[in-house]
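Q: I am attaching a structure below and will ask some questions about it afterwards.
The values are calculated or read from the model by the stated rules, or taken from the named source; none is laboratory data. Quick caveat: nothing in here was measured; it's all calculated off a predicted structure. Cβ sites come from the backbone with ideal geometry, for glycine too, and all protein chains shown count toward neighbours. Calculation scope for accessible area: heavy atoms of the full protein, side chains included, ligands and nucleic acids excluded. Shrake-Rupley method; radii C 1.70, N 1.55, O 1.52, S 1.80 Å.
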Amino acid sequence: MAGQDNGPLLQFSPFQSAVDEGFWHRLSDMKLNHLGLDESPIPITGFYAPCSHSQVSNRLTLLGESLPSEPSAHSSNSPFSSGNRNKCSIPGVLYNTNTLESFKALDKQSLLEAEAKKIWEDIHSGRVEQESSLLSRFLLISFADLKQWKFYYRFAFPALKLDPPATIASLEPASQCFSLQEAESLTVACNEWRNSSTTADVPFFLVSIDSNSHASIRHLKDWEVCRSDGHKQCLFGFYDPCHLPNNPGWPLRNFIAFICSRWNLQKIRFFCYREHRGFADLGLSLVGEALISVSQEWKHCKHIPKAVGWEVYEGNKGKKVFRCITLANSMDPTKLAVTAA
Amino acid sequence: MVLKDKLHGVFKGTVERMTNPRTVSAFKEKGVLSVNEFLLAGDNLVSKCPTWSWESGEPSKRKSYLPAEKQFLITRNVPCMRRASAVEEEYEAAGGEVLVDDDDNDGWLATHGKPKDGKSEEENLPSMETLEISKKNTIQSFSSHFGGEEEEDIPDMEEYEDPDNLIETDPATLQSSYLVAHEPDDDNILRTRTYDVSITYDKYYQTPRVWLTGYDESRMLLHPELVLEDVSQDHARKTVTIEDHPHLPGKHASVHPCRHGDVMKKIIDVLMSRGVEPEVDKYLFLFLKFVASVIPTIEYDYTMDFDLGSSST
């Protein structure tokens, strides 16, 4: 690989998905009562939060409320509970097909590219600075077999590919990167950010630490302030769902693509924000420095980078399978009648 | 389901519809909570242990006596690294069961792994033994979520060829299938099960009630029957039953609340006998500590530096 003379490649741990039973109940209800044979894409909302246990990564979760509450077209902005620190909303899109055959026949690569293109356009239009969760758009394809109450599905978390990939100059626990005073101030600032209902669910942010070791957290749109203020340090922070000590999580990928194409930086100091029992934990959080050497094309909106992101799920014997869940026990009226008898 | 339980369910539902929710505090006298006290204690849990949050659940299942945005409490993605049976073995090897009481620091229900130190019996702290409700196995026959009971052994997983999935050849993607906890040399793949733990208000018993929704190591929904592996074996199928969740779809495992009030009353009495005046907003911390003896392996958050109330001495 090119670029390895700068150090090892920066490798991101893929996002993990989890679907709550309520999501499938709501989808079945929509399908039976409203959608019929309509296969139009449906806007959905996923939820995630920073990693909060040292042994498990956090997941992108779909709940009943992930689906629009009204089956009408303008429900994409449904007022989901904003400000819930454990449920940062991420926009997604669902393609639910009418048959297993059409589910399998979906052109996955072009669906992924279409979502990646939206991310790319939001980066260049400046929308990301206003609404940072647009960087983590996701995609779900599904087939709901409502005769057997069986749901086949697959997730994609589109990530723009840097060419050549970013390399890593350093990566260590955040607690080792700051003076005691800085670490203390940063911890306070993070907890404040997470406790305020206006910022608790904003997953990408800027961290600046001034020469008095005072840390503050700002929105992405305040980049100019952050840069021109002559701060001692400026870091790019994000809610990291990943728990691994040597890898950042998936959301950093598009964040780096955003930073280098929008702000033209070649050296990016990033901060993987993680928690323990709901509070900032700089021992689990990571600070790293990524080196980027992308071509000039990255500044042009017309040039859409390649994307990756289909989740891989291995079933028995290591074969790749679609995820499938059977909910006959809680959905099939005949079975419900039996257990209720 | 056993007819007796069925009848009781109907009875309980009727009583819940006919009676008004408790408004007068009987926290110290009976160990129960009024609706407002539940909200107060819930707010305190959310602020001290922010992995917990209030949720509104299914709109159709909303209870009118609770605010729409505060129907129940939930904490998601809580790891469960070991099976309860493994914990119990270790625990017995370490010297014993139950509840350690330590006068020095107001130690409460022991977390697992602490050896018995002799002092514990005389105080006669509430033991879960008294909570048994029925020897009968009330669980319907087991069938996995991944296949129905009348299906073949291996559910028909749909395989696919995926030559274009660049993620598998992408150098910047960390290549690992789902992440098994990274401590080496422990083969047990079940270790990374996770749980969503929720607390609802049971109007009939006037106490909180705990519910468990499990996910396997690949984040697929776990059949409630398998959840019982993560419950103390003294309680599986007795105090822990599988029922409809009051705010979420589907069947979930739950610690039956029929003796919660009595146990909480005992805990409160012990506190009071030590001159500690229990405060009602700490109720859920006490409650979750006590629930930890039923689900010892699920590492949910009930910690805070308490001080179980203002000491009157």
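Q: Quick one: net charge around A:Cys242, please, counting Lys, Arg +1 and Asp, Glu -1 for every other residue with C-beta under 13 Å from its C-beta.
A: Once all neighbours under 13 Å are counted, the net charge is +1.
Q: If you don't mind, another one. Starting from the Cα of A:Glu101, step 7 Å along the direction of its Cβ; do the same at B:Ser85; then give the gap between the two resulting points in nm.
A: A separation of 4.6 nm, rounded to one decimal place.
Q: Also, I was wondering about something else. What's the magnitude of the charge dipole for the range B:196-248 around its Cα centre, counting Lys and Arg as +1 and Asp and Glu as -1 at the beta-carbon? Answer in Debye, nearest 20.
A: 260 debye
Q: Over 26 Å between Cα atoms, which of B:Lys48/B:Lys238; A:Lys31/A:Lys335; A:Lys232/A:Lys267; B:Lys203/B:Lys266 qualify?
A: Long pairs (Cα-Cα over 26 Å): B:Lys48/B:Lys238.
Q: Using just the helices of chain A, give the 222 nm mean residue ellipticity in deg cm²/dmol: DSSP H runs with n ≥ 4 each add -39,500 (n - 2.57), and the total is spread over all residues, rounded to 500.
A: Helices in chain A give a 222 nm mean residue ellipticity of -7000 deg cm²/dmol.
Q: While we're on this one: Using a Förster distance of 35 angstrom, determine the FRET efficiency expected from the C-beta separation of A:Gln130 and B:Tyr65, and round it to 0.05.
A: E(calc), rounded to 0.05, equals 0.30.
Q: Relative contact order of chain A: what whole-number percent is it, with Cα pairs under 8 angstrom and at least 6 residues apart?
A: The normalised contact order for chain A reaches 23 percent.
Q: Please report the buried accessible area for the interface of A with B, total over both chains, probe 1.4 Å, in Å² to the nearest 100.
A: Its buried surface, counting both partners, is about 6000 Å².
Q: Report the full-extension gain for the segment A:His214 to A:Ser170: residue separation times 0.36 nm, less the Cα-Cα distance, to one decimal in nm.
A: 13.5 nm
Q: Can you give the local net charge around A:Arg194? Use residues other than it whose beta-carbon is closer than 12 angstrom to its beta-carbon, Lys and Arg +1, Asp and Glu -1.
A: -2
Q: Further question: For chain A, give the magnitude of the charge dipole about the Cα centre (Cβ charges: +1 Lys/Arg, -1 Asp/Glu; no others), in debye to the nearest 20.
A: Its charge dipole is roughly 660 debye.
Q: Within the range A:252-308, which trypsin sites (Lys or Arg not before Pro) sit in a loop by DSSP and count at most 16 neighbouring Cβ atoms inside 10 Å?
A: The qualifying sites are A:Lys302, A:Lys306.
Q: Spin-label point model (7 Å from Cα, Cβ direction): what's the B:Glu168 to A:Glu113 distance in nm?
A: Reported label-point gap for B:Glu168 and A:Glu113 is 2.0 nm.
Q: Let me ask another. In the range A:115-164, if the dipole is taken from +1 on Lys/Arg beta carbons and -1 on Asp/Glu beta carbons about the Cα centre, which of A:Phe157, A:Ile123, A:Leu140 is farthest to the positive end?
A: Value computed over the given set: A:Leu140.
Q: What percent of all Cα-Cα pairs in chain A falls into each 20 Å bin, going from 0 up to the bin containing the maximum distance?
A: 29, 55, 15, 1
Q: What accessible surface, in Å², does a 1.4 Å probe find on A:Ile119, ignoring ligands, DNA and RNA and rounding to the nearest 10?
A: 0 Å²
Q: Here's something else I'd like to know. For the charge dipole of the range A:246-325, defined by +1 on Lys and Arg C-beta atoms and -1 on Asp and Glu C-beta atoms about the Cα centroid, which residue among A:Ile259, A:Gly309, A:Leu284 has the Cα displaced farthest towards the positive pole?
A: Going by the Cα projections, it comes out as A:Gly309.
Q: For the charge dipole of the range B:184-286, defined by +1 on Lys and Arg C-beta atoms and -1 on Asp and Glu C-beta atoms about the Cα centroid, which residue among B:Met264, B:Tyr195, B:Ile242 has the Cα displaced farthest towards the positive pole?
A: B:Met264
Q: Next question, about the same structure. Report the gain in length on full extension from B:Arg274 to B:Thr23: 0.36 nm times residue separation, minus Cα-Cα distance, nm rounded to one decimal.
A: Full extension of this stretch gives 87.6 nm more.
Q: With just the Cα atoms defining each centre, how far is the range A:123-144 from the range A:270-287? Give it in Å.
A: Distance between centres, Cα-based: 24 Å.
Q: A:Asn191 to A:Thr334: FRET efficiency via 1/(1 + (r/R0)^6), r the Cβ-Cβ distance, R0 60 Å, to the nearest 0.05?
A: 0.70
Q: So what's the net charge close to A:Leu10: Lys and Arg +1, Asp and Glu -1, counting the other residues with Cβ under 10 Å from its Cβ?
A: 0
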